[in-house]
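Worksheet: one structure, shown below.
Read-outs throughout are calculated quantities, based only on the coordinates presented, and are distinct from any laboratory measurement. Fair warning: this is a prediction, and the values are worked out from it, not measured in the lab. Neighbour counts run over all protein chains shown; Cβ positions are idealised from the backbone, glycine included.
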Amino acid sequence: MNLPAILAMGAPPGGGSQQSSVFMFVWLGLMAGLFYFMLIRPQKRREKERQALLGAVKTGDRVLFAGGLLGVVANVKDKTLIVKIADGVKVEIVRSAVSQVLEKGEVADKDAPA
């Protein structure tokens, strides 16, 4: 074959590189959307529920703390709670340490989030 015939063959028609770059961006967008709906959105929802739980703690509630302590809320402050953990023993604990608010007579959940 001569040189002009080889040059005339050139790249295949159809713009294959253009199609693959569009496919790559669509694929990247799908992966980002999947990542958002599978990981970020559920985490935001759980955090919103947790903040509502912490905001609703009131005096007299029975609470379970991340460290495993059970107690009854004696006083509520802005960022802390005064909790009675035994007769005559009250401690001040940060609100974020609450992992569960228990109903009257309810037993602590083994699988409570820490």
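Subtracting the Cα-Cα distance of Lys44 and Ala56 from 0.36 nm times their residue separation leaves 2.5 nm of extension gain.
Could you sort the peptides 95-101, 71-77 by per-residue average Cβ neighbour count (10 Å cutoff), highest mean leading?
Details: 95-101: 16.9, 71-77: 14.9.
The packing order, highest mean first, is 95-101, 71-77.
The Rg/Rh ratio for the range 15-54 is 1.40, where Rg is the radius of gyration of the alpha carbons and Rh is the Kirkwood radius. In a fully extended conformation the segment linking Val72 and Lys90 would gain 5.5 nm over its present Cα-Cα distance, using 0.36 nm per residue.
In the structure shown, the pairs Lys58/Lys84; Lys58/Lys79; Lys44/Lys104 are assessed against 21 Å; a Cα-Cα span above that value is assigned to Lys44/Lys104.
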